[in-house]
Amino acid sequence: MKDFSRRNRNAPVTLEYLKSRCKVVDGCWIWQGAKTRGYACIGIGKIYYAHIIAYELAGNPAPPPKHELHHKCQQRACINPEHLELLSSTEHRRISIEARGLKSACKHGHPYTEGSFYTSYASGYLQRRCKICQREAISRSRQRS
């Protein structure tokens, strides 16, 4: 197991320390510190995902290549090791898509029908974008100019 020691301090990072930085809600340890795309992050010499550190500190092996930790609770900010499950990348992607489901409308309620959306890569993920919302955003931008 790696030695996770905090910068400028002699004390190593422990599971109790990580839990002290969380708010416990329905069994989830919701990280109150920095986050990246909703995932808990901690700086220990370099930036790590806190749920992976918690998983290893609980006595589990580090995820091997092409494997990921799945949040069974569907809370990205949760670092409770009991809520984490080691899955292959393929299986993790399949479960995540099933859990999210395909949305039938954009966040403003415009239905996703054939021709009403386009796809783009945003943040490294393929996402559907509403054409109506895009037109409205362009119109608002032109009105400000």
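Share of antiparallel DSSP beta bridges in the chain, in percent to the nearest 5?
On the way: 24 of 24 bridges.
If we restrict to bridges inside the chain, about 100 percent are antiparallel.
Starting from the 7 Å offset along Cα-to-Cβ, what nm value, one decimal, do you get for the label separation of residue 143 and residue 67?
It works out to 5.4 nm between the two label points.
Where is the GNM fluctuation largest for the chain (alpha-carbon springs, 10 angstrom cutoff): 79, 44, 53?
Comparing 79, 44, 53 in the GNM, the peak value goes to 44.
Roughly what angle does helix 89-100 make with the longest principal axis of the chain, taking Cα atoms, 0 to 90 degrees, to the nearest 10?
60 degrees
On each of the three principal axes of the Cα atoms of the chain, give max minus min coordinate, whole Å, ordered largest first.
In descending order, the Cα extents are 57, 38, 30 Å.
In the chain, which cysteines lack any other cysteine Cβ under 4.7 Å from their own?
Flagged as lacking a Cys partner: 22, 41, 73.
Before rounding to the nearest 500, sum -39500 (n - 2.57) across all DSSP H runs of length at least 4 in the chain and divide by the residue total; then give [θ] at 222 nm in deg cm²/dmol. Mind dumping the intermediate values first?
Working: 4 runs with 40 residues, N = 145.
Here the helix-only value at 222 nm equals -8000 deg cm²/dmol.
Starting from the 7 Å offset along Cα-to-Cβ, what nm value, one decimal, do you get for the label separation of residue 19 and residue 105?
If labels sit at residue 19 and residue 105, their model points lie 4.3 nm apart.
Bear in mind these aren't lab numbers, they're just calculated from the coordinates by the rules spelled out. Given the structure is predicted, the values throughout are model-derived calculations rather than measurements. Neighbour counts are summed over all protein chains in view; Cβ atoms, including those assigned to glycine, are modelled from backbone coordinates with ideal geometry.
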